[in-house]
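One structure is given below, encoded as structure tokens.
A short reminder: the numbers here are calculations on the coordinates, not readings from a lab. Everything quoted here is computed from the prediction, not taken from an experiment. FYI the Cβ positions are ideal-geometry reconstructions off the backbone, even for glycines, and counts take in every protein chain you see.
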Amino acid sequence: MSATTPPAGVELSPGAATNLPVTVRNDGGSLSEPVAVALNLPPGVRAIDAAGGGAPMAFAQDGAPMSVNCPGGEGTVVCKTGAGLQPGQSATLNFRLQADEDAQGGTVTGSVTAGVQINVAVSVKVTVKQPQEAVVLEAQGDGLSAFPWTRNPLVYVRVRNTGETTKPVTVTFDHPLWQWWSLRGFPCAPSGEGATCTTKTALAPGQHVNLWVRLKGRPDDGRVTITAQLGKASAGPVTVDFGCYHHWCGQDPLPTTTPPTPSTTPTKPTKPTPSKPSSTPPATTTETKPTTEPPTSTTTTSAPPRPTGKPGNQPPTVTPEKGFGWLTG
């Protein structure tokens, strides 16, 4: 008696059933006892009922191959033929295996028996192919939040599941939130110095969800950083910059200068030195007649007046963005 299994093993995907056929052949010269195959499944892997599982086919005439659909189970599963095999006859016992999402794979071990005289070992490698997880994050502020007097900026967030799994999504902000809205359940809660928002329902592949939040106060540096998580996949960080306008960011708009310190030590006056009379006669001067050309006018340019207002009082030249497209998402 001999048994064969897939030489490359079996690859499973969580949630999807895959066939594991075990083919047994009677290599002897006489009719065998009914064949039984027992398999030990690794953790996270189970067998499910195949079509007609547990109802073996009748004995095939003229030594034709037999096929049996095996029942389901966990741990150790057993499948039997309804009759013995003739010399040279084979039977294929079909197991349907399925892996959990957290299954790590392993090796399926087992044995093939036909009465008490025949015992054949079975070993099949099982790998679990984990589905791809991916998420895309988009975030932006509205045009009005660019003005420094907007104390609670508004942020639009959109998250899309671009992977193969269906799981909730979590969005994290590094700044506290004052308000939040969404067309589906997307509650937020404080988390450290920021906030965390998680959908109440799972996001299917290809689906997206929108979230509107209003920050609690303007960030000191004018920026808020956002990240997203779906299963083991992450997106971001994405930074939304609302602009920094001196005192709004805790900076002094004018540099501080220190006036020079006057010296307190008096200086001793110096004694004047009399000048000697010169022996050279004074030079004579020639009278110059006035010219008829008009005098050249002199233009005096003064510095422009220093502005009295602080730079933070001047509104930025920012064109407000139209974010209404997010509502229809």
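Quick notes
- Packing-based ranking, highest mean first, of 95-103, 179-187 given that Cβ atoms within 10 Å are counted: 95-103, 179-187
- Using Cβ point charges alone (K and R +1, D and E -1), the dipole size of the range 132-194 about the Cα centre works out to roughly 200 debye.
- Take every pair of alpha-carbon atoms less than 8 Å apart whose residues are at least six positions apart; their mean separation over the length of the range 57-165 yields a relative contact order of 18 percent.
- Two-site label geometry, residue 178 and residue 221: point separation in nm, points 7 Å out along Cα→Cβ: 2.2 nm
- A Cβ-based charge dipole, computed about the Cα centre of the range 135-248 with Lys and Arg at +1 and Asp and Glu at -1, lands at about 360 debye.
- Between residue 202 and residue 127, the C-beta separation translates, for a Förster distance of 30 Å, into a calculated FRET efficiency of about 0.70.
- Modelled FRET efficiency - R0 56 Å, residue 102 with residue 149, Cβ distances, 0.05 increments: 0.60
- Cα centre as origin, Lys/Arg/Asp/Glu Cβ charges: the range 2-128 dipole, Debye: 200 debye
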